[in-house]
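First up is the structure itself, then whatever we jot down about it.
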Amino acid sequence: MDLVLHIGAHRTGSTMVAQSLAATIAAHPDCGVALWGPRRLRDIPGFQVATQRLDEDIDPIDKTAAIGLDQVASLIARDVALERERGIHTLILSEENFIGGMRNNFQTCEFYPDVAHRLASFDSLLPMSPMRVVLGVREYGAVWTSAYHYQPQSGRDFPDLERARTTLLDNKRGWPEVANAVREVWPDAGLIMWQQEHLVMSGAQICAQIMGLSADQIVISTGKVNALKSTSARPEVFSAQEQKHLSHRYNRHLRRLRSSADCLWIGGDPE
């Protein structure tokens with residue numbers, strides 16, 4: 001069985017991708033692919049707190065943590081074995097919180113600051129290493145603005161606006177650090193990436209690569225995603241000049257990422 005991890009990222013169309021994977025499986029029930037989405041994964045007792053039970057060396061912080069982690073790993077191994085028994089040859093785990101959360105990004109003023117620790121922590125629960133890790137990215141100003149405006153929709157207050165701006169303008173962490181964390185934790189896994197800006201045109205190709213199917217088998221979800229809109233005014237997060245600065249940084253980072261021989265990109269070249 002091949003294991004595939006769809007790790008997001010937030011505000012890049014990851015929900016649409018996951019819904020398209022589910023729609024394709026529903027249309028082709030004998031395709032041999034199964035999807036465990038966020039709800040399925042978060043319902044596993046102890047799964048979400050795994051990162052809190054491991055220290056920086058990915059060792060359990062105490063005996064209680066070790067017992068709890070072994071229980072989670074056993075549950076996952078049992079369910080993976082059941083999937084294999086029913087003929088599944090590709091299992092996709094889709095959860096953007098594998099890499100962290102945008103709320104934490106706002107609070108820490110860093111871009112996914114603990115991504116390597118989180119990925120290594122979840123890896124310790126898996127019965128096998130992933131064959132592929134897939135990740136969508138988006139222009140920094142757009143993804144940060146979208147995340148900022150989404151906070152009230154998820155039941156939270158708006159983060160401090162100036163603090164949110166400072167995070168991206170002054171801190172140069174970005175997608176290369178996320179990609180490097182994937183390579184660090186899973187050096188033998190294939191890394192597949194795409195830009196949210198190309199998702200509409202390349203959605204079928206993206207999902208085909210994730211699932212190991214042909215593009216003509218893919219069913220793209222047409223339902224509304226995150227359609228709820230806040231009734232509050234939507235303040236600008238970045239000025240036009242700051243947006244331009246962040247776009248230039250994004251394109252520089254894309255060129256670095258696309259020059260890596262160990263990463264498969266789906267979609268057009270950056271501007």
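What to note about this one:
- Rounded accessible area per residue of the range 9-166, 1.4 Å, Å²: 44 Å²
- Simple Cβ-charge dipole of the chain, Lys/Arg +1 and Asp/Glu -1, about Cα centre, in debye nearest 20: 720 debye
- Cα convex hull, the range 153-199: 149 Å³ per residue, rounded to a whole number.
- Of the trypsin sites (Lys or Arg not before Pro) in the range 1-98, the ones in a loop by DSSP (not H, G, I, E or B) with at most 14 other beta carbons within 10 Å are ARG86.
- Altogether, the Stokes-Einstein calculation at 4 °C and 1.567 mPa s, with the Kirkwood radius of the range 1-46 over Cα pairs as Rh, returns a diffusion coefficient of 109 µm²/s.
- Comparing VAL143, VAL115, VAL200 in a Gaussian network model of the chain (Cα springs below 10 Å), the most mobile by mean-square fluctuation is VAL200.
- Between GLN151, GLN196, GLN241, the residue with the greatest mean-square fluctuation in the GNM of the chain (Cα pairs under 10 Å linked by springs) is GLN241.
- Length, then width, then depth: along the principal axes, the Cα atoms of the chain run 56, 50, 41 Å.
- Theoretical FRET efficiency, 1/(1+(r/R0)^6), r = Cβ-Cβ of SER129 and ARG252, R0 30 Å, to 0.05: 0.45
- Most fluctuating residue given options THR12, THR24, THR108, as computed from a GNM of the chain linking Cα atoms under 10 Å: THR108
- Per the Kirkwood formula applied to alpha carbons, the range 74-162 shows a radius of gyration over Rh ratio, Rg over Rh, of 1.07.
- Radius of gyration (Cα atoms) of the range 15-90, expressed as a multiple of 2.2 N^0.38 Å: 1.36.
- The mean sequence distance of close C-alpha pairs (under 8 Å, at least 6 residues apart), as a share of the length of the range 1-144, puts its relative contact order at 47 percent.
- Percent carbon-and-sulfur accessible area, the range 7-91, ignoring ligands, DNA and RNA, probe 1.4 Å: 51 percent
- Seen from a random direction on average, the alpha-carbon convex hull of the range 10-149 projects onto 9.4 square nanometres.
- Of the residues VAL237, ASN251, TRP194, the one whose Cα sits farthest toward the positive end of the charge dipole of the chain, with +1 on the Cβ of Lys and Arg and -1 on the Cβ of Asp and Glu, is VAL237.
The values are calculated or read from the model by the stated rules, or taken from the named source; none is laboratory data. Computed from a predicted model, the values in this text were never measured in an experiment. Cβ sites come from the backbone with ideal geometry, for glycine too, and all protein chains shown count toward neighbours. Ligands, DNA and RNA are excluded from the accessible area calculation, which covers all protein heavy atoms including side chains. Shrake-Rupley method; radii C 1.70, N 1.55, O 1.52, S 1.80 Å.
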